[in-house]
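Here is the structure we will look at, set down as structure tokens.
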Amino acid sequence: MDSTTIKRPAALSEGAADAIRNAIIQGEFGLGEALPEVQLTRRLGISKTPIREGLSLLSREGLVTSFPQRGFFVFTLKRECVTQLCDFRHAMETLALDMALRHNRDRLIADLEAICAEMQTAHENGNFKRYLELDTAFHAAFFDRAENPYVKASYQMAASKVATIRTHLSRGHLRTDLSLAEHTDILHALKVGKDRKARAVLKKQIYRGEQVYEELVTEPNG
């Protein structure tokens, strides 16, 4: 079944947004690519109205950009946005990690341990799509165990964009052997109480991406 197939959504507009979001995250649409309503209508099998509403929802997330008289496009990265995104990730993920360790240390470590085991399996099997999903889940676990809806909601503003960038980088310089080693290092450091080391590895991982993100910088459509 196509990843953009909608399965009995509670609301067509939300279902359309979910389907288009997943397609963008999985790289089925390129950065800056146009999202014609007619094409999406045929693809999803629903009318233009929920498609347009769904695109508007994604626009508020920053995943889609709207240009008058031109329609909707997948987001692009301006050069100054690269550093801003990395700064945002580092601030929010470090905060969430600290809160999760304070409130749910054992549960967080158990979550990360299970995720790392699955990442290892996906890496060995060459299942790159699954590996990327687990990479996202690893970082999301910080927010799940932080038990602070405000922090989690704030990060969600950029979560889909981060996941999309991760997918596109996977086609270039992203190396899962290094990625897996870093996630494993973070887990091990937390297990032995070396929280400062875990934060240092996390920071290094995020800001190393700053250099690679430059390859995805594009000029705006407008």
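Odds and ends about this structure:
- For residue 129, the lysines whose Cα comes closer than 25 Å to its Cα, not counting residues fewer than 8 places off in the same chain, are 7, 152, 161, 203, 204.
- To the nearest ten degrees, helix 48-61 and the longest principal axis of the Cα atoms of the chain are 40 degrees apart.
- Amide H contacts under 5 Å for residue 77, placed H, 5+ residues apart: 218
- Accessible surface of the chain, 1.4 Å probe, proportion on carbon and sulfur as whole %: 50
- Residues 99, 157, 119, ordered by accessible area of protein heavy atoms at a 1.4 angstrom probe radius and largest first, appear as 157, 99, 119.
- Counted without the sites themselves, the longest stretch of the chain free of trypsin sites (Lys or Arg not before Pro) in a DSSP loop having at most 16 other beta carbon atoms within 10 Å is 79-170.
- 222 nm mean residue ellipticity, helices alone, for the chain (DSSP H n ≥ 4; -39,500 (n - 2.57); rounded to 500): -24500 deg cm²/dmol
- Structure-derived mean projected area of the Cα convex hull in nm²: which label, when the choices are [x] 17.2; [y] 14.3; [z] 12.6: [z]
- Here residue 48 is the anchor, and the aspartates and glutamates within straight C-alpha reach of less than 14 Å, apart from those fewer than 8 places off in the same chain, are 14, 37.
- Residues of region 1-112: accessible area per residue with a 1.4 Å probe, Å²: 51
The values are calculated or read from the model by the stated rules, or taken from the named source; none is laboratory data. Keep in mind the model is a prediction, meaning the values are calculated, not measured. Neighbour counts are summed over all protein chains in view; Cβ atoms, including those assigned to glycine, are modelled from backbone coordinates with ideal geometry. Heads up: the accessible areas ignore ligands, DNA and RNA and are worked out on the full protein's heavy atoms, side chains in. Shrake-Rupley method; radii C 1.70, N 1.55, O 1.52, S 1.80 Å.
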